[in-house]
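Trainee: Just passing along the structure, written as structure tokens.
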Amino acid sequence: MISQKHNNLLDFRLHICVLICSIIALLIGSKSFTIFNVKIIILPLIYSMVFAIICYIIPNKYITDKQSYEATDVMTITIGVLIAKLTIISGANINYIIQTGPMLLLQELGDIGAIFLTLPVALILGFKRKSIGMSSSICREPQMAMMINKYGAASDEFRGFMIVYITGSIFGTILVSFIATIMPHILPLHPFAYAMACGMGSTSMNVASITTLCSLYPSIAGELYALSAVANIISVVLSVYVFMFISLPLTEKLYSVFMKIKQKSKKVKGIKILRI
């Protein structure tokens, strides 16, 4: 296993592709444009991801499934470097974190509100039991283990979970980058609130969103990075318990309520048709 991973790290086809994509993205640099008085910033991170996807999907592609799987091992190392950087920034701004106090803990409860929005939409689109897995969390690794343990890997709930997991892995970082750019213009909250919101429990999405946010507020970038990093760590730890004891049971309960309402509405429609 160790030798296999060592060979993965020495695959220079993968490294050369990543290096070229990164250099081109950095040469393009950050670009910004305004739509309806909303300033949208596109960072080199987005360009590099798009270039890498193109390298994978083009005919006679340079990057194959082999390099795609190997990139997972490399990602583990690069994420470690990012976490180290964010931790150092957090330590340097510890006073701001202490002043924030319990808000860092309470912001995790904000994820529960998304259930009331996403579950009805998933049911309207016809996902049925899949909607429980899709709407009960942000569908990352900590929640995956509990979904398998509770429902099984062949269940509709877990299939719904994996739909969001895969979609988030491909488009999540791009989407949150745009959200972090647009939301401060639509809803002018304090930048610290958005920094904490960027700590959603996914390191890649956290880095993408907080980097975009810091480009909007460069004068307080250090404080924003610190709050986001700590919020992300707290989200990873607390999200497991919030998901286990609150989010998942709440989603199941709401699913039962919505399905009963749907069945009653069908019965009412059936009675009206018979009367006609």
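The values are calculated or read from the model by the stated rules, or taken from the named source; none is laboratory data. If you're wondering where the values come from, they're calculated on a predicted model, not measured in any experiment. With ideal geometry, Cβ positions are generated from the backbone for all residues, glycine too; neighbour counts draw on all protein chains shown. Surface areas here come from the heavy atoms of the whole protein model, side chains and all, with no ligands, DNA or RNA. Shrake-Rupley method; radii C 1.70, N 1.55, O 1.52, S 1.80 Å.
Trainee: Where in segment 190-266 are the helices (runs of 4 or more DSSP H), entirely inside, with at least 2 residues that are out of contact with any helix residue (DSSP H, G or I) (no Cβ under 6 Å at 6 or more places or on another chain), among the aromatic types (F, W, Y) and at pLDDT below 90? Quick ask: steps written out before the conclusion?
Mentor: Details: elements: 191-198, 203-216, 221-242.
In segment 190-266, no matching helices (runs of 4 or more DSSP H) lie anywhere.
Trainee: Can you tell me which residue is modelled with the lowest pLDDT among those in segment 52-81 that are open to solvent by 60 Å² or more (accessible area, probe 1.4 Å) and within 21 Å of the chain's Cα centre (by Cα)?
Mentor: T76
Trainee: While we're on this one: With the condition kept exactly as written, say whether any residue in segment 146-157 is in contact with a helix residue (DSSP H, G or I) (Cβ under 7 Å, 6 or more places away or on another chain), farther than 19 Å from G113 by Cα and not in a helix (DSSP H, G or I). I'd like the intermediate steps shown before the answer.
Mentor: Filtering segment 146-157 down to residues in contact with a helix residue (DSSP H, G or I) (Cβ under 7 Å, 6 or more places away or on another chain) leaves 146-148, 151-152, 156-157.
With the extra rule that they be farther than 19 Å from G113 by Cα, the set shrinks to 146-148, 151-152, 156-157.
Restricting the remaining residues to those that are not in a helix (DSSP H, G or I) gives 152.
Scanning segment 146-157, I find at least one residue that is in contact with a helix residue (DSSP H, G or I) (Cβ under 7 Å, 6 or more places away or on another chain), farther than 19 Å from G113 by Cα and not in a helix (DSSP H, G or I), so the answer is yes.
Trainee: Here's something else I'd like to know. Being among the aliphatic types (A, V, I, L, M) and modelled with pLDDT under 80 is the filter here, so list the residues in segment 8-30 that pass it.
Mentor: L9, L10
Trainee: A follow-up question, please. Restricting segment 129-139 to residues that are at pLDDT below 90 and open to solvent by 20 Å² or more (accessible area, probe 1.4 Å), which is nearest to the chain's Cα centre (by Cα)?
Mentor: Out of the qualifying residues, it is I138.
Trainee: Among what's in segment 194-246 and is without any contact (Cβ under 8 Å) to a residue 12 or more places away in the chain and open to solvent by 40 Å² or more (accessible area, probe 1.4 Å), pick the residue that is nearest to the chain's Cα centre (by Cα).
Mentor: V237
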